[in-house]
Structure formats: structure tokens, C-alpha cells
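> Have a look at the structure that comes next, please.
Computed from the coordinates by the stated procedures, all read-outs in this text should not be read as laboratory data. Small disclaimer: the values here were computed from a predicted structure and weren't measured. FYI the Cβ positions are ideal-geometry reconstructions off the backbone, even for glycines, and counts take in every protein chain you see.
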Amino acid sequence: MKTCLIYGLILFTTIVSAQRKAPIYIQPLGKVNTTTIHKVKKSMELFYHRSCEIKPMVNFTPDILADSKTRYEAGNILRKFSSNKNVLIITEKDIATAKGNIKEWGVFGFGYRPGSTCVISTYRLKRKVVNAQFIDRLNKVAIHEIGHNIGLPHCTSGNKHCLMNDAGGTIAQVDNEQILFCNKCNSLIK
């Protein structure tokens with residue numbers, strides 16, 4: 001009886017603690033498939049134990065275009081939609097950022113560490129895959145970028161399955177990851 005009471009109290013405390021955590025706001029940028037948005041919302045709630053709220057769609061503006069005018073600059077998106085709340089911006093358009101001497105390196109997602117705003121794109125995640133694999137990739141990238149926002153760096157533990165690994169521009173790394181943080185990354189969560 002005491003054991004059940006203790007487990008019940010732990011569960012109640014965990015639920016109350018999770019409710020006190022800041023919510024994650026999901027911000028569609030441009031037209032984004034509603035099912036896709038709801039899959040990300042559910043994934044964020046399950047993984048981070050935080051409530052999620054879907055914000056109304058915002059339109060693209062010329063000031064967030066990359067120099068090529070063929071895709072959007074992730075850094076410009078984060079600056080434009082900067083917030084003191086946890087905001088996960090999701091778009092179906094291609095996004096890029098500078099990497100080394102490459103001005104427009106296509107990315108799956110981008111977020112600052114620590115920060116409060118990140119962006120993910122479905123554009124590169126849905127190429128030549130069935131829907132289930134696309135959703136798996138999308139959830140992994142979303143969890144990874146929110147991980148940066150809460151202070152996690154790229155994983156250096158050597159655990160190739162940790163979600164905080166740097167994908168290095170390869171979808172194979174994303175596919176190899178599991179929906180978990182390694183022990184080292186878990187220990188860094190504040």
C-alpha cells in the first residue's frame with residue numbers, strides 16, 4: 001500500500017512539475033500540412049512533457065530570403081521571429097545557413113544554444129520516403145532543435161543514436177538516431 005502511495009505521489013509530482021514548465025509554441029511559417037503540425041505537437045508533448053500550442057500561420061516576407069532568392073535564410077527567420085517564449089517554427093520551404101565558406105548550406109533545422117526560437121523545414125526530410133519515415137525524421141529534427149534551445153550542444157559522447165548528434169548535412173545520420181538523448185546529454189538538461 002505504501003509503495004502504491006509513493007508511486008502515486010511521484011507520478012502526481014511529475015505531472016505538476018511538467019505543467020509548470022514553459023510551453024512550446026509551434027509557429028507555422030507559410031502553408032504547412034495540418035497533420036504534420038499535429039504530429040510535431042504530439043511528439044514535443046510526449047518527449048519534453050510540456051504543453052504545446054499551435055499559433056496561427058504567418059506569411060513569408062522578402063527579408064528572410066537567402067541571397068539566392070530560392071530558399072530562406074534560417075538565421076533571418078530566427079531574428080525576425082525572435083521571442084522570449086519557446087517557439088518552434090515549421091515550414092515546408094527550403095532553409096539554409098552559412099557553413100564555413102559556403103553561404104547557403106541547406107539544413108533540416110536551425111536553433112541557437114541556448115535560445116528560445118528554432119526553425120525546422122520539411123523540405124529535405126520528405127524526399128523519397130514513405131510518410132512514416134518522414135514523420136520520424138521530422139520528430140527527430142524538432143526534438144534536436146528544441147534541445148539546442150534548452151541549452152544542449154551537439155553530442156560528443158560518441159553515442160551515434162543520440163538525437164543531439166550533428167547531422168552534418170546527411171539524412172543518414174538523422175535516420176540512424178533514436179528518439180532519445182544519451183546519458184551525457186540527459187545530464188546536461190537544466
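> Where in the chain are the DSSP H helices whose C-alpha atoms run 18 Å or more along the long axis and whose mean Kyte hydropathy is at least 1.0?
2-20
> With all pairs of different alpha carbon atoms counted, what Kirkwood hydrodynamic radius in Å does the chain show?
It works out to 17.3 Å.
> What ranking do T35, T117 get, fewest neighbouring Cβ atoms within 10 angstrom at the top?
Sorted ascending by nearby Cβ count, the order is T35, T117.
> Same structure again: Please report the antiparallel percentage of the DSSP beta bridges confined to the chain, to the nearest 5.
For the chain, the DSSP antiparallel bridge percentage is about 30.
> Continuing with this model, one more query. Go through K21/K128; K69/K160; K69/K126 and tell me which ones have a Cα-Cα distance over 29 Å in this structure. Don't skip to the answer; put the middle values down first.
Details: K21/K128 37 Å; K69/K160 35 Å; K69/K126 22 Å.
Those over the limit are K21/K128; K69/K160.
> From the helices alone, meaning DSSP H stretches of at least four residues, give me the mean residue ellipticity at 222 nm for the chain, per-run term -39500 (n - 2.57), in deg cm²/dmol to the nearest 500.
It comes out at -12000 deg cm²/dmol, rounded to the nearest 500.
> In what order do T91, T97, T156 fall by count of nearby beta-carbon atoms within 10 Å, going from fewest to most? Don't skip to the end; give the middle numbers.
Numbers: T91 23, T97 19, T156 13.
Neighbour counts put them in this order, fewest first: T156, T97, T91.
> Could you please rank F108, F134, placing first whichever residue has the fewest other Cβ atoms within 10 Å of its Cβ?
Listing F108, F134 from fewest to most nearby Cβ atoms yields F134, F108.
> Turning to a different aspect of this structure: Extending each Cα 7 Å along its Cβ direction at K85 and D166, get the distance between those two points in nm, one decimal.
Output for this residue pair reads 3.2 nm.
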